[in-house]
Every structure is written in C-alpha cells, then in structure tokens.
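Below you'll find the structure, written out as structure tokens, and then a few comments.
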Amino acid sequence: MLELTDMQVIRMLAKKHRFSFAKGLGQNFLIDPEVCPAIAEYGIPSPDCGVLEIGTGFGVLTQQLALKSEQVVAVELDRRLQPVLAETLADFDNISVVWQDIMKVDPAAFLQEHFGSRDVAVCANLPYYITSPILMHLLESGAKFRSITVMVQKEAAERLCAEIGSRQAGAVTAAVRLRGHAEQLFGVPRDSFYPAPKVDSAVIRITPFDTPLCTPEQLHSVLKTVRAGFAQRRKTAVNGLSSGLELPKEQVAAALAACGLDANVRFEQIGQDTLLALTEALGV
Ligand code: SAM
C-alpha cells in the first residue's frame, strides 16, 4: 500500500500524473498519518457497515476506510485523479469510485443502488468551499445514514455543533439538530494538510436520531423558515421572516404570538423546539 502521508510519495504521484492541486475544488490533502485512521475508527461502527466517502483526493482516507469496512464507495468530481487512484487503490477490491458531483447525486437512490440493504456511514474530508451545502444535501435528502463523520473548518465545526438559539447557529445548525446529535471529535491543525489551508480544522460526527423529529417534508419547510430567519438575523423575526418568506407582517406576528413568542424576538433567539410549531403556524 502506497504511503500517502509521505510528502515524497505525494510529489512523486503529482509529477508522474502531472497533477496540480485545484484550490477551487478544496484540494487540501491530509498528510498527518494519525488523522485518517482516527476518522475511520470514529466513523465506522463495524466492518459490515458500508462507507460513502465524498472526495478521494489521492485516496489517503479511502485506503484507511477500506481497511475497516467491507465496502467503500467514493464520489469524486475531479476526473484528473483517475490515473492516480488506479495506482494508489490498486491493492483494494472493496473500493469503487463514482466520478460525479456529490451535489448532483440523489443520496437515497445512490445508497439503494450501491449498498442495497447494507447500513452506510459517511466519512470524508470535505471540500471546504461547499461543506454546508453538502451536509444540507445529505441531511435534507431523507437518506438513512448510521453516522456522518467529516473534517470541516474549525469555524464550521463550531457552527454545526452549536445549539439552536446561540450566536454561532445558522441554517445548517438547524438541519443538523433536527436530524440528529452532533459532536466535535478532535481538532486538526492546518499543517496536517498539503497544501496547507489558512485555517485549522476539526472532525465532527453527526449521528441521526433513530426516530427523526420530523419528516423530510417538514424539515424542508422548517429550513425555509430558518433560511429566511438567519438571512436577516439582526432584524426582528417579524421583519426578517415577513421579507424572507414574502408574508404580511401581521401574519408573521400572529404566528409568533401563537407560539408564545414576543413580537420583538430576534430569529436567532428562537429555540429548536419552537421552530417546527412556528413553521406550521406560518403555513410555510
Ligand atoms: N480525502 C482526501 C484527503 O483527505 O486528502 C481529499 C480531501 S479534499 C479536502 C476534497 C476532495 O473533494 C478533493 O479531492 C476534491 O476534488 C473533491 N471534491 C470537490 N468538490 C466535489 C464535489 N462537488 N463532489 C465530489 N467531490 C468533490
């Protein structure tokens, strides 16, 4: 197995396959030998649990995932990596790579097609330019995952694991909180990557609830409310929601009152338990 945390190996592969790192695709590859085994350890509950990886890079994490799980399916957008992976993953017969944009994949159909009835966990060092959209895409899809263990920028980790109603919270926080439990596992300094990004990172794990708090349709509606609310978080909820959802102020004020909320409440102060009720009262 090629040692993909060795800079000499990385340089050799890049030169041989004339590969240049695309900043625009978030190509910061892991070079700390301890991080990928740790992600695999936290992310894979048992060998029979399949793994969906998003973004293979040179395959440093893919290799570790395939040592722990019977089946790994990786989705990678950058086809220039094809000859590199043919070399780095050659020793494994339990990995398949699907050359696609993860945002264009229907997660539920993808799991059915590639894993059948097998449980599936997501493990990834996510491309930073698109972290929240990818997580929203997975969480909103209604696809069932055992867990989602991902590397994200430190600030994003804080946002994702925040409480709704706290200052760090955003729309993605609500998507996470309504679907499961989120925890920060460990921090990863910027020099653990090549090329090194400008900020530090952290690995988080989202474990979906066995019984979801809401249906995918309800989640979709709540997220409409939440996106409108957080888009104008400094405004009062009445003003923010009425312009974001294009509803009369009186209707929003009545919905807030029906949920026992003060007319001057700011959206970021509204707690998780009230979001569903408020969405229903708004008729979103
Ligand atoms: N897993 C590797 C590692 O840890 O070194 C690479 C991680 S790198 C941060 C992110 C990877 O995601 C890159 O290989 C990039 O080409 C890929 N990627 C970027 N956008 C993507 C998308 N929309 N769909 C699938 N893969 C994408």
Fill in: Sorted by Cβ density within 10 Å, fewest first, the residues LYS68, LYS235, LYS15
LYS15, LYS235, LYS68
Fill in: Farthest toward positive dipole pole in the chain [+1 Lys/Arg, -1 Asp/Glu at C-beta], among ALA237, GLY142, MET103
ALA237
Practice prompt. Give the order of TYR129, TYR194 when sorted by the count of other beta carbons within 10 angstrom, beginning with the fewest.
Written response: TYR129, TYR194
Worksheet item: Which order results if MET7, MET103 are arranged by neighbouring Cβ count within 10 Å, fewest first?
Response: MET7, MET103
Item to complete: Quick one: which residues, 5 or more positions from PHE186 or on another chain, have an amide H under 5 Å from its amide H? H modelled 1.01 Å from N in the peptide plane, none for Pro or chain starts.
Response: VAL203
Discussion item. Please compute the alpha carbon radius of gyration of region 1-135, then divide it by the globular-protein estimate 2.2 N^0.38 Å. Two decimals is fine.
Written reply: 0.99
Worksheet item: Kirkwood Rh over Cα pairs of the chain into Stokes-Einstein at 20 °C, 1.002 mPa s: D in µm²/s?
Response: 107
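Here, each number is a calculation from the coordinates, and none is a lab measurement. A quick note: this is a predicted structure, and the numbers were derived from the prediction, not measured. Virtual Cβ from ideal backbone geometry, glycine too; neighbours counted across all protein chains shown.
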